[in-house]
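Worksheet for the structure shown next.
The values are calculated or read from the model by the stated rules, or taken from the named source; none is laboratory data. Everything numeric in this text was worked out from a predicted model, so none of it was measured. Every residue, glycine as well, gets a Cβ built from its backbone with ideal geometry; the counts of neighbours run over all protein chains shown.
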Amino acid sequence: MFSLVRENIRIAFDSIKSQLLRTILTILIIAIGITALVGILSAVSALENTITSDFSSMGANTFNIQRYEFTNQRRGDESQKINPVINYRQVKQFKDDYDFPYTSTSISFVGTRSAEVKYDNEKTDPEVQVYGINENFIQNSGLELEVGRGLNYFDVENSNSVCVIGSDLKKALLKDVNPLNKTISVRGSKFKVIGVLKEKGSTFGNNQDLRMLIPLQKARTIFTNPNINYSLSVKADKKDMLEGAQEEAILLFRNIRGLNPVEENNFGIERSDDLINRIGAMTGVLSKIAWIISVITIFGSTIALLNMMLVSVTERTREIGVRKSLGAKQKTIAFQFFIETIIIGQLGGLLGIILGTSLGFIFAAIVDFNFVIPWSAMVWASVITLIVAIISGSYPANKAAKLDPVESLRYE
């Protein structure tokens, strides 16, 4: 039994070699469909993984109050309503008056995104982001410390000259030394390093590890731009309290902004889970597009493979007649052609998986996404190519098995 199977597989490979050009073209047609599926799903997975990771930096069970909604921040529409900046008086009043139970409020602002930081005779390129933060910022943002400690209430209120730095800033200035208690300077002010953040990576070219966190009050003495925009982040200890915490925060901040009941919010509010769900919906649409493209292409692949096998049956009619006259059974002939179709289909699928995964990796590398191996797409690709082979191979194999041996020997 097994020797017969091995013999049929050997014959199938010999047949594939004998019609190499036609086989290569068919494999390429199958591979195109699988490449489209695996490539797009790989890119979508990289996109989803990167953005989800990026927005998870908001932390679990949190919502942010900011100048604009996330969806409107980068919109270039001139008719878009311009919201006033969120100033220090407003965030200070919010933190003092907001007393929803089991919540913590963080205040932050970006002092600069292009600071030059120095340590002894070393200095960075002018691309370090400096944030002014309060004691709750690190935990509310989902950040973790690699070494040292974060800023506490006394650091913030006393304007202590201490800082927490990102992992890339540590590598740039303090790579070969213990960073704790070392003194670095920015804009002429010196700060003692008390902690280093765990690596977060970068998104869309925004390096989250090349940053420096300093106490809010100290930052306000260094960065004195009158139009500084502040952000608020509220974290609820219990998820089921998040909705109530958000509603109370909106009411309070509307009062702080002086809005009457009929006016729309002139600020944005974003929940971490809302952002992730929105991204999931976007990537879901892209996945559907990938499936539509691949199904259309795979339909063409099925026709191409079916046509190739029918031509193969016609060309090898005399061979089939000879094999039958020597005692080959119908199921043996059918299995020979069927296994040939399976081999061609799987070769096309394998090539498509390699090309699709490579395209996904290249795309992730170009746009600086976190690439993940698309295991589910690869499994689906293997299943699809098997189904294509079964559909395409059944009819030609059945036709070959039912050929009359006498008529087949007469075939020219």
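At a glance:
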read-out: Qualifying residues in segment 86-103 (those that are buried (at least 16 other Cβ atoms within 10 Å of the Cβ) and within 34 Å of the chain's Cα centre (by Cα)) - the one farthest from residue 173 (Cα to Cα); value: 103
read-out: Some residue of segment 103-115 being in contact with a Ser or Thr (Cβ under 6 Å, 6 or more places away or on another chain) and assigned to a loop (DSSP other than H, G, I, E, B); value: no
read-out: Any chance residue 41 is modelled with pLDDT of 70 or more and either buried (at least 19 other Cβ atoms within 10 Å of the Cβ) or not in a helix (DSSP H, G or I) (or both); value: yes
read-out: Members of segment 164-179 that are more than 16 Å from residue 120 (Cβ to Cβ) and not β-branched (Val, Ile, Thr); value: 166, 167, 168
read-out: Residue in segment 308-325 that is part of a loop (DSSP other than H, G, I, E, B), crowded, with 17+ Cβ neighbours inside 10 Å and modelled with pLDDT of 75 or more present; value: no
read-out: Count of segment 240-251 residues which are out of contact with any Ser or Thr (no Cβ under 7 Å at 6 or more places or on another chain), modelled with pLDDT of 90 or more and within 16 Å of residue 106 (Cβ to Cβ); value: 2
read-out: Strands (runs of 3 or more DSSP E) fully within segment 172-251 counting 2 or more residues that are touching a strand residue (DSSP E or B) at 6+ places or on another chain (Cβ under 6 Å), over 23 Å from residue 85 (Cα atoms) and among the β-branched types (Val, Ile, Thr); value: 183-186, 189-197
read-out: Tally of residues being aliphatic (A, V, I, L, M) and surrounded by 24 or more Cβ atoms within 10 Å (Cβ to Cβ) across segment 342-352; value: 1
read-out: Single residue of segment 125-164 satisfying the filter (touching a residue at least 60 places away in the same chain (Cβ under 8 Å) and among the hydroxyl-bearing types (Ser, Thr, Tyr)) that is nearest to residue 211 (Cα to Cα); value: 131
read-out: Any hit, segment 202-216, residues being surrounded by 13 or more Cβ atoms within 10 Å (Cβ to Cβ), of a type outside the set (A, V, I, L, M, F, W, C), at pLDDT 90 or above and assigned by TED's automatic domain parsing to the domain that holds residue 118; value: yes
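Each row is one residue, and each column tells you yes or no for (1) modelled with pLDDT of 80 or more; (2) part of a helix (DSSP H, G or I); (3) of a type outside the set (Gly, Ala, Ser); (4) closer than 14 Å to residue 36 by Cβ.
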| site | (1), (2), (3), (4) |
| --- | --- |
| 333 | no, yes, yes, no |
| 349 | yes, yes, no, yes |
| 359 | yes, yes, yes, yes |
| 383 | yes, yes, yes, no |
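Rundown of residues vs (1) modelled with pLDDT under 75; (2) assigned to a helix (DSSP H, G or I), yes/no style:
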site	(1), (2)
373	no, no
377	no, yes
380	no, yes
388	no, yes
391	no, yes
397	yes, yes
400	yes, yes
403	yes, no
407	yes, yes
